[in-house]
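Since the structure comes first, as structure tokens, the remarks are kept for the end.
The values are calculated or read from the model by the stated rules, or taken from the named source; none is laboratory data. These figures come from a predicted structure and were not determined experimentally. Positions of Cβ are backbone-derived with ideal geometry, glycine not excepted, and every protein chain shown enters the neighbour counts. Ligands, DNA and RNA are stripped out before the accessible areas are found, and what is left, the full protein with its side chains, is counted by its heavy atoms. Shrake-Rupley method; radii C 1.70, N 1.55, O 1.52, S 1.80 Å.
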Amino acid sequence: MNGSPSPDQLMRPMVDPFGRTIRYLRVSVTDRCDLRCFYCMSEDMTFLPKKDLLTLEELDRLCSAFIAKGVRKIRLTGGEPLVRRNVMTLVRSLSRHLGTGALDELTLTTNGSQLARFATELRDCGIRRVNVSLDTLDAQKFRAITRWGDIDQVLAGIEAARDAGLAVKINAVALKNMNEEEIPSLMEWAHGKGMALTLIEVMPMGEIGEGRIDQYVPLSLLRARLAQHYTLTDLDENTGGPARYVRVTETSGKLGFITPMTHNFCESCNRVRITCTGTLHTCLGHEDASDLRKPLRASPDDELLSAAIDRAIGLKPKGHDFIIDRRHNRPSVSRHMSVTGG
């Protein structure tokens, strides 16, 4: 016996110390973005040198190793994933796993700015739905939130995705004194187009030049406000993510709530995240980090990589460390969301 793992060990399902089986991988293909949303990053961001990023071929190999170990869903994120040069070569390559049945879903979270260019190609690669981050329908507010974004470009991208046959879900971060009063109209707009809307609480990640407490709105408060005017019925469904959904009777649409601050959703977490540099984070709200780039590049086979993945999964924490209050007016996690992937 030489002590090398067997093929069965290399493909062993990933189960963390709390019995949660890892089936969902989120992959940040770049930390760069063509917008500068004020709750996500500072205006004068310093991005990673391109030499530090994994190549698209390395990202493909890394994703494939996770698929071999039981991942059934992959979401590509950023930064803004569609600004990475030649990113569609990665999407096309990963789509082979959809063809073999090894992967149930390949999907994408985007700010929508590049969707008009890529929607048809994304569909042709087997992507069936995308999440689009959109916090307001007001052009002036949109420019204020993104610092220089063009809402018409995003709305055109959403329509291009719908025309291509992609299901679109809108993600909106609830922002105090910015868009909280607009949530009902945003919901009615999304539902009127057959799109679900998911509301997200501000997460304390990375220095952005201002305190999160001044941006934070608890979604429990927003839900209570909505319930005064709409009939909200809890849905017993699991999409593999952290959102809890309700059906809105008056619009016949779905409304989701992602509540890292007011309700810890960690008990059913089946997700891990890989950054564009090959760092594995088993928890969005934790400072854990495991380097997968080194074992990936150390050997042409996946033996070292698989062992590194197993070690990292064995350290996955029970829950996150997010906290926002006046006494903790600093990031709970030092890395920016754009580095980790949304």
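Some points to look at:
- Hits in the range 115-151 - residues which are of a type in the set (Lys, Arg), assigned to a helix (DSSP H, G or I) and farther than 27 Å from Arg23 by Cα: Arg117, Lys141, Arg143
- Filtering the range 137-187 to residues that are modelled with pLDDT of 95 or more and among the basic types (Lys, Arg) leaves Lys141, Arg143, Arg162, Lys169.
- Options Leu284, Leu292; residue that is modelled with pLDDT under 75 and open to solvent by less than 70 Å² (accessible area, probe 1.4 Å): Leu284
- Close pairs (7 angstrom Cβ cut-off, 6 or more residues apart or separate chains): outside any loop (DSSP other than H, G, I, E, B) in the range 41-53, among the β-branched types (Val, Ile, Thr) and open to solvent by less than 30 Å² (accessible area, probe 1.4 Å) anywhere: Asp52/Thr277
- Residue ID - most open to solvent (accessible area, probe 1.4 Å), chosen from residues in the range 14-32 that are touching a helix residue (DSSP H, G or I) at 6+ places or on another chain (Cβ under 8 Å) and of a type outside the set (A, V, I, L, M): Arg32
- The residues in the range 152-183 that are more than 22 Å from Leu108 (Cβ to Cβ), touching a helix residue (DSSP H, G or I) at 6+ places or on another chain (Cβ under 7 Å) and in a helix (DSSP H, G or I) can be counted, and the count is 2.
- Of all the criteria given as (1) basic (Lys, Arg); (2) open to solvent by 30 Å² or more (accessible area, probe 1.4 Å); (3) modelled with pLDDT of 90 or more, the one not satisfied by Arg330 is (3).
- Taking the range 162-187 as the range and being more than 21 Å from Gly256 (Cα to Cα) and among the aliphatic types (A, V, I, L, M) as the test, only Ala164 passes.
- Listed by first and then second residue, the pairs linking a residue in the range 154-169 that is closer than 23 Å to Arg244 by Cα to a residue that is among the hydroxyl-bearing types (Ser, Thr, Tyr), with Cβ atoms under 9 Å apart and 6 or more places separating them unless they lie on different chains, are Lys169/Thr198.
- The set of residues in the range 39-55 being touching a Lys or Arg at 6+ places or on another chain (Cβ under 8 Å) and closer than 21 Å to Thr107 by Cβ consists of Leu54 alone.
- Residue count, the range 127-147 (criterion: out of contact with any strand residue (DSSP E or B) (no Cβ under 6 Å at 6 or more places or on another chain) and surrounded by fewer than 20 Cβ atoms within 10 Å (Cβ to Cβ)): 9
- Within the range 215-230, the set of residues being surrounded by 12 or more Cβ atoms within 10 Å (Cβ to Cβ), outside any helix (DSSP H, G or I) and more than 22 Å from the chain's Cα centre (by Cα) comprises just one member, Tyr230.
- For Gly126: the one exception among (1) modelled with pLDDT of 95 or more; (2) of a type in the set (Gly, Ala, Ser); (3) under 21 Å from Gly278 (Cβ atoms): (3)
- Among the residues of the range 56-84, just one is within 25 Å of Ala116 (Cα to Cα) and among the hydroxyl-bearing types (Ser, Thr, Tyr), namely Thr77.
- Considering only residues in the range 249-261 that are surrounded by 15 or more Cβ atoms within 10 Å (Cβ to Cβ) and in contact with a Ser or Thr (Cβ under 7 Å, 6 or more places away or on another chain), the one that is modelled with the highest pLDDT turns out to be Gly256.
- Subset of the range 84-101 (residues that are touching a residue at least 24 places away in the same chain (Cβ under 8 Å) and over 17 Å from Asp31 (Cα atoms)): Thr89, Val91, Arg92, Ser93, Leu94, Ser95, His97, Leu98, Gly99
Condition check ((1) assigned to a strand (DSSP E or B); (2) open to solvent by 30 Å² or more (accessible area, probe 1.4 Å); (3) touching an Asp or Glu at 6+ places or on another chain (Cβ under 8 Å)) across all residues:
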residue: Asp34; (1), (2), (3): no, yes, yes
residue: Cys37; (1), (2), (3): no, no, yes
residue: Gly70; (1), (2), (3): no, no, no
residue: Leu76; (1), (2), (3): yes, no, no
residue: Thr107; (1), (2), (3): yes, no, no
residue: Ser113; (1), (2), (3): no, no, yes
